[in-house]
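What follows is a set of notes on a single structure, which appears directly below.
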Amino acid sequence: MKLAKNYDPKQYESTIYQMWETADAFAPSGSGEPYSIVMPPPNANGNLHIGHALTFNLQDILARYYRMQGRAVAYIPGSDHAGFETWVVYEKVLTAEGKNRFDFSRDQLYSQVWNFVDEKRGTMEAQLRALGISAIWKDTVFTLDDKVVNTVYGTFKRMWDEGMIYRGERIVNYSTKYQTSYADIEVEHRVEKGKLWKIAYPSLDKIKEIVVATTRPETLLGDTAIAVHPDDERYKDLIGTKVLVPLTDREIPVIADEYVDPAFGTGAVKITPAHDPNDFEVGERHNLPRLQVIGFDGKMINVPPQFMNLEVMEARQKVLDALQREQLLRGDEDIEHSVGYDYKSGLPIQPMVKDQWFISMKPLAKRAIDALNNDEIDFQPASRKKALIQYLENIRDWNISRQIPWGIPIPAFQNEKDPTDWIFDARVDQEKIDVNGTTYTREIDTFDTWFSSGQWPYITTDYVTNGDLAKFYPLNVMETGADILYSWVGRMIMLGLYTTDQVPFKAVYLNGLVLDEKGKKMSKSKGNVINPIEIVESHGSDALRLGIVAARSVGQDQAFSTGKVLAGRNFCNKLWNIARFIENKLGEGFPVADPQPKTVADHWIVRQLNSAAEQIGKQIEEYRFAEAGDAIYHVIWDDVADWYIESSKKQDNPQMLAWVLDTSLRIAHPFAPFVTETIWQTLSWHEELLIKANWPTPLEFNDIAAAEFEQLQTLVGEARFVVAELPGTKKYDLLYQTDSLIADNSDLIQHLARLSGVRQADQAKGLRLAASNREAWLDVDEDTLYEHQTNQEVRLGEARLRAKNLEGRLSNASYIDKAPPHLIEETKKDLEETQALIERLARELDVLE
RNA sequence: GGGCGAUUAGCUCAUUUGGCUAGAGCGCGUCAUUGACGUUGACGAGGUGGCAGGUUCGAAUCCUGCAUUGCCCACCA
């Protein structure tokens, strides 16, 4: 088969991918030791972003490498219903149609979103295929599949039975825009400038007043007490008395509570149990009523008519105006404080009291902390483990209810006659159920998506039901974004230990964010997002993979670099042309046989590729992807193309060329799957696919011959350098006297150094090449020689300085005493070589003078 | 307020128990060349490793302080 001049990825990638799928190449091979990775499921409804390209490429490199190592690799794909994220998108669709969620029943909404997602589900998978991801598609799991729901219900039931689930009225983080509560972890805290207003609350006789400080004056309409510190002398006589809430005629008590910090503000705090977590707790302790004044739609309720139905910020201004008129404002000051925001809408989170389902987290966290402290999970980078432990140590109970229709229904039913009576039941397709003559009504909330995705490792492997993939649990590695360490990784560890009594994965690899080319975080609103599929289309899937993995270290946020993608593209083309050259040389139907290294170049390239294969394997196993990629790039480009292929033009050994190409394709495959497989398909001596081939095993070679080739490289390098430095007017001849290595390789040297000739001479003449420790001269004219001599004097000076440094090191008693022996040996050897160089240079210059 | 990370060539980044002359890609300069590849080849320039101290025979690497910068966590109104 004749290869085109340049590699055109578009022409081959989809065909190659189909070939893999048709051959069922992604399925775990039966015999090997299991190796498993589960894909963090991307949003079924969305498009892949550039961060996905990084995360899935890293996973795929591992999958392909271990597959070539003969392991039974299960790389299990999935897609996420992405409850809240998708709901937000769908609600926009509803709005565009002039409708809203209240026009439909929950079941109607659920099936509408299902259809909406179903239409788009294929897109994301097609994109993963374009990235070359070698996941077992037949085992793909959607986060709303029956097996997910069943397992989640099983876990929930067990927790319920063990008393770890409770339902209660608590302050929750509420998004008035999306009308759902959030977990604490989903609230985005921003430090910003604000005002602290001081407001007077008159005593009942209006003679005295107590001044409180607040950042949210509108909530005073919901105040049910004023709190002061019990030991605060300023307010001691007021404790137990009543004051009037401004702008209303409500009377509220002044209470004492340790929570108040006398040093902050005025030392008196208004207590709004319905809209502040601290106040809620104070309210619980003092049995205060909870007066909700902000509705779930974000508008004021239960307030005097002038404030009714106002948005929070409008209400704030009106309250301040009214206080001003009533002369109850006692000043304000500028402060910096932290405000919780809805990470999705960018609007402030409203703390609200709501009946929600919670999981007691302390016992779950404790087991996770123990496992982490026992080093049961290898963390890359290690520092994140500490961070996770800290998070787990301070964990609070988890609100798992969401007031959105798109998600897994919470399998709980409420007694129609007794609101406190809740039972577990999985019959969520029914709105009402009958149990022993009592009618129960279904809970309308759904689970927080993370409650189900937190169980992903044992769900996808069917571990609980002991399915075909059960032997792949626990996973070998969980590769995912560092940004979801707490929300996902932490929860998987806790839930994994809870359900399966073992950690869900043996290692965690956290990748950082892919930033834009200027190092800024990408976002749709900034318009700086990079679409991976566009990169694939313009430069090829392999180029994207090579480029995005290059120079990227674990856990670090790093910029995307088009330059690196281009370098990756060029590398693919280089590989392509190596193949083109070799295949052309070998011809059709080349009868491949055992490779026998004969020339010095043969021995050398065997040594180089042997050690590259070993080193690259080790680097992949240690998750040092960028270094492995770099090693592949250089061994193939520098060693194979620039030295070995060039050498082969003068000393050809077809069997070795075939072996070199074969080996190069194997070691490059995990990082450049498409181009390597494309080339592999053109090799006459392979029937199998490269994806199923084995990682190269070392070939025997002669160490001395390999070292001799290195000497020739030095000689050639020096000749090139001198010629480049002293262009002169003509090409030079290389002369030698009795050197058999040069004699045997004269054509090779001439070609590599681009000399006009290499010939034996009777006597030394011209410019001596000293670096290789071989007797060789360039036959140059007088002027060139003179110029060279000046350069050599500089080099002699440098060499003498270096010798002096080395001598100094060796004469240092402490160094001899403390440095490791091999290092001292190296220093001695280095000194010897430097001295030999000095001698040669000096001799050369003396001769000439 | 607490924690974590970063600071190395013009740019983006490597350098893993402290030890070869601190490397790579891109960019830059000089030259070559059209029988594998211009998505090329050869050669080269370019770094007081943020700053100031300390430990050590030896520090980009360990310690202390400072500066700049990014991220995460946090219910003080």
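The values are calculated or read from the model by the stated rules, or taken from the named source; none is laboratory data. Computed from a predicted model, the values in this text were never measured in an experiment. Cβ coordinates were reconstructed from backbone atoms using ideal geometry, including for glycine residues, and neighbour counts include every protein chain displayed. Just the protein is used for accessible areas: all its heavy atoms, side chains included, with ligands, DNA and RNA removed. Shrake-Rupley method; radii C 1.70, N 1.55, O 1.52, S 1.80 Å.
Only a single criterion out of (1) closer than 30 Å to residue A:174 by Cβ; (2) assigned to a loop (DSSP other than H, G, I, E, B) is not satisfied by residue A:253, namely (2).
In region A:248-266, the count of residues that are within 16 Å of residue A:198 (Cβ to Cβ) and away from RNA strand B (no atom under 11 Å from the Cβ) is zero.
In region A:709-728, the residues that are surrounded by 18 or more Cβ atoms within 10 Å (Cβ to Cβ) form Cβ pairs under 7 Å with partners that are assigned to a helix (DSSP H, G or I) and small (Gly, Ala, Ser), at six or more places apart or across chains, as follows: A:709/A:601; A:716/A:753; A:719/A:753. Give region A:826-835 a look and list any residue that's exposed (fewer than 14 other Cβ atoms within 10 Å of the Cβ) and more than 10 Å from RNA strand B (Cβ to nearest atom), or say none. Scanning region A:826-835 gives A:828, A:832.
Of the residues making up region A:362-372, none is more than 16 Å from RNA strand B (Cβ to nearest atom), open to solvent by less than 80 Å² (accessible area, probe 1.4 Å), touching a Gly at 6+ places or on another chain (Cβ under 9 Å) and among the acidic types (Asp, Glu). Among the residues of region A:567-587, those identified as out of contact with any helix residue (DSSP H, G or I) (no Cβ under 7 Å at 6 or more places or on another chain) and either among the aliphatic types (A, V, I, L, M) or more than 8 Å from RNA strand B (Cβ to nearest atom) (or both) are A:583, A:587. Evaluation of residue A:234 against the conditions (1) in a helix (DSSP H, G or I); (2) open to solvent by less than 10 Å² (accessible area, probe 1.4 Å) shows that the sole unmet condition is (2). Counting only helices (runs of 4 or more DSSP H) that sit completely within region A:538-631, those holding 1 or more residues that are surrounded by fewer than 18 Cβ atoms within 10 Å (Cβ to Cβ) and without any contact (Cβ under 8 Å) to a residue 40 or more places away in the chain correspond to A:562-586, A:600-621. Residues in region A:12-23 that are surrounded by fewer than 12 Cβ atoms within 10 Å (Cβ to Cβ) and over 15 Å from residue A:131 (Cα atoms): A:22 only.
Taking region A:295-320 as the range and being assigned to a helix (DSSP H, G or I), hydrophobic (A, V, I, L, M, F, W, C) and surrounded by 14 or more Cβ atoms within 10 Å (Cβ to Cβ) as the test, the residues that pass are A:307, A:312, A:315, A:319, A:320. Among the residues here, residue A:206 does not qualify as more than 9 Å from RNA strand B (Cβ to nearest atom), over 18 Å from residue A:353 (Cβ atoms) and in a strand (DSSP E or B).
Within region A:62-83, take every residue that is in a helix (DSSP H, G or I) and modelled with pLDDT of 95 or more and give me the one that is nearest to the chain's Cα centre (by Cα). My answer is A:62. Can you pull out the residues in region A:800-825 that are surrounded by 13 or more Cβ atoms within 10 Å (Cβ to Cβ) and of a type in the set (Asp, Glu)? Of everything in region A:800-825, just one residue is surrounded by 13 or more Cβ atoms within 10 Å (Cβ to Cβ) and of a type in the set (Asp, Glu), namely A:807.
Pairs meeting the criteria (first residue in region A:405-426 and over 18 Å from residue A:156 (Cα atoms), second residue open to solvent by 50 Å² or more (accessible area, probe 1.4 Å) and of a type in the set (Asp, Glu), beta carbons under 9 Å, at least 6 apart or on different chains) are A:405/A:107. Only a single criterion out of (1) outside any strand (DSSP E or B); (2) surrounded by 15 or more Cβ atoms within 10 Å (Cβ to Cβ) is not satisfied by residue A:735, namely (1).
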